[in-house]
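Reviewing the structure listed below.
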Amino acid sequence: MDGLDPEGPRLDPLSKRRLKMWIRMLGVTRSAENRLREFLRVNHDTTLPRFDVMAALWRRREGVTMSELSRLLLVSNGNATTVVDRLEKDGLVRRTPSTTDRRTVHVALTDEGLRVFEGLAADHEAELSRVFDHVDEADLDALTAILKRMGREKE
């Protein structure tokens, strides 16, 4: 015999519960994201992708190339370009051609973009706090520890 179980692969007894946990996590994430999308649209006339681009640029104040921005956001260059085009039109970001490679363009927040983003970020944080206001400090500590443990790759 080649070591295969004739009844098929044996599943971990926790596999069904892990699957249900995953579906529950996706549901919580999607629900929170939908609330944030609606909050940004209604209260700030903006979108979550615009917020995400501005957040990435706020974290990298010196600016990034368009390719780096796409990688940071896990989106295509085309998607990043579309959002950056609109932000540039609104005066919130600026593009600067590279002095060493004409195919490369750096993008960064303008002073106005920095000011607008910091206001958005404060309201975004407050809205997230409202979304999860039923999660107390002990829950946060436990969830954080669990998620950190889940994020580690098995060796």
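Taking the Cα centre of segment 49-133 as the origin and placing charges on Cβ (Lys, Arg +1; Asp, Glu -1), which of Leu120, Ser76, Pro97 is farthest toward the positive end of the dipole?
Of the options given, the answer is Pro97.
Just in segment 30-115: which trypsin sites (Lys or Arg not before Pro) are loop by DSSP and have at most 10 other Cβ atoms within 10 Å?
For trypsin sites (Lys or Arg not before Pro) across segment 30-115 that sit outside H, G, I, E and B with at most 10 neighbouring Cβ atoms in 10 Å, the list reads Arg61, Arg102, Arg103.
Starting from the 7 Å offset along Cα-to-Cβ, what nm value, one decimal, do you get for the label separation of Glu112 and Arg61?
Spacing of the two 7 Å Cα→Cβ label points: 2.1 nm.
Kindly put His44, His134 in sequence by how many other C-beta atoms sit within 10 Å of each C-beta, fewest to most.
Least crowded to most crowded, the residues run His134, His44.
Work through the residues other than Leu128 whose Cβ is under 12 Å from its Cβ and net out their charges, Lys, Arg +1 and Asp, Glu -1.
Local charge sum for Leu128: -3.
What are the extents of the Cα atoms of segment 49-133 along their three principal axes, in Å, largest first?
Taking max minus min along each principal axis of the Cα atoms, segment 49-133 gives 49, 26, 20 Å.
Rg to Rh for the chain: what is it, with Cα atoms only and Rh by Kirkwood?
Result for the chain is an Rg/Rh of 1.12.
Tally Lys/Arg at +1 and Asp/Glu at -1 over every other residue whose Cβ is under 12 Å from the Cβ of Glu33; what's the total?
So the environment of Glu33 carries a net charge of 0.
What distance in nm separates the simple spin-label points at Asp52 and Ala142, each placed 7 Å from Cα in the Cβ direction?
3.1 nm
Between the DSSP loop rule and a limit of at most 16 other Cβ atoms within 10 Å, which GluC sites (Glu not before Pro) in segment 13-72 are left?
Working: sites: Glu33, Glu38, Glu62, Glu68; in loops: Glu62.
Taking segment 13-72 and a limit of 16 other Cβ atoms within 10 Å, the loop GluC sites (Glu not before Pro) found are Glu62.
Excluding Asp90 itself, what net charge comes from residues whose Cβ is under 11 Å from its Cβ, given Lys and Arg +1 and Asp and Glu -1?
-1
Report the FRET efficiency, 1/(1 + (r/R0)^6), for Asp12 and Ala32, where r is their Cβ-Cβ distance and R0 is 22 Å, rounded to 0.05.
So, using R0 = 22 Å, E works out to roughly 0.15.
None of the figures in this text is laboratory data; all of them are computed from the coordinates on show. Bear in mind that the values here come from a model prediction, so they are computed numbers and not experimental data. Cβ coordinates were reconstructed from backbone atoms using ideal geometry, including for glycine residues, and neighbour counts include every protein chain displayed.
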